[in-house]
Amino acid sequence: MSLEYCTPSDIPQEVLQYEGDVPQMNVGKSGKIGYLQLELQNDSDKQKTVITKKRTQVPLYMQKALHYDMDYPSMAHLFVLSPSGGILQGDRYRMDVQLKNNAISHITTQGATRIYKMESNYATPVSYTHLTLPTSDLV
């Protein structure tokens with residue numbers, strides 16, 4: 001996955017001035033490209049939402065779907081995980097989530113997101129997210 005894929009096209013000029021030519025770094029350093037691509041569908045046989053496609057790149061990762069809500073037993077609860085201590089300078093994160101066939105889901109992170117000091121670059125946090133819903137599923 002490329003740096004451009006995980007970088008929004010509408011970044012304000014006030015932020016872009018900090019970009020510089022900082023390459024993506026090796027293990028243990030800041031400046032990672034993390035992405036998560038998910039497709040969720042309602043499985044009528046199992047009567048719950050399941051993950052039908054998943055593609056990830058660390059520092060973003062997704063656990064298996066959990067179904068623990070007694071009021072909505074078909075809802076998939078998904079936790080976005082990261083082994084890093086937070087968002088570091090140069091990090092670029094992106095999530096693409098597609099819900100099909102009346103799928104329902106609650107997607108969250110494992111805890112508070114720490115954003116660390118950035119002296120020569122900026123980061124795009126997990127909030128750079130694309131959701132795709134069929135118009136027939138919208139109420």
How do ILE104, ILE11 rank by accessible surface area computed with a 1.4 Å probe, from largest to smallest?
ILE104, ILE11
In straight Cα distance, which lysines are under 28 Å from LYS32, not counting same-chain residues fewer than 8 positions off?
LYS53, LYS54, LYS64, LYS117
Please report, to one decimal in angstroms, the Kirkwood hydrodynamic radius of region 36-139 built from all distinct Cα-Cα pairs.
14.8
Using the Cβ atoms and a cut-off under 12 Å, what net charge is assigned to the surroundings of HIS130, where Lys and Arg are +1 and Asp and Glu are -1?
0
Just how much of ARG55 is accessible, in Å², when a 1.4 Å probe is used and the result is rounded to the nearest 10?
120
With DNA, RNA and ligands ignored, accessible area of LYS64 (1.4 Å probe; Å², nearest 10):
150
For region 49-99, calculate the relative contact order in percent as a whole number, restricting contacts to Cα pairs under 8 Å that are 6 or more residues apart.
33
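The values are calculated or read from the model by the stated rules, or taken from the named source; none is laboratory data. Computed from a prediction, not measured in an experiment: that's the story for all the values here. Every residue, glycine as well, gets a Cβ built from its backbone with ideal geometry; the counts of neighbours run over all protein chains shown. For the accessible areas, the whole protein counts, side chains as well, though only heavy atoms, and no ligand, DNA or RNA atoms are used. Shrake-Rupley method; radii C 1.70, N 1.55, O 1.52, S 1.80 Å.
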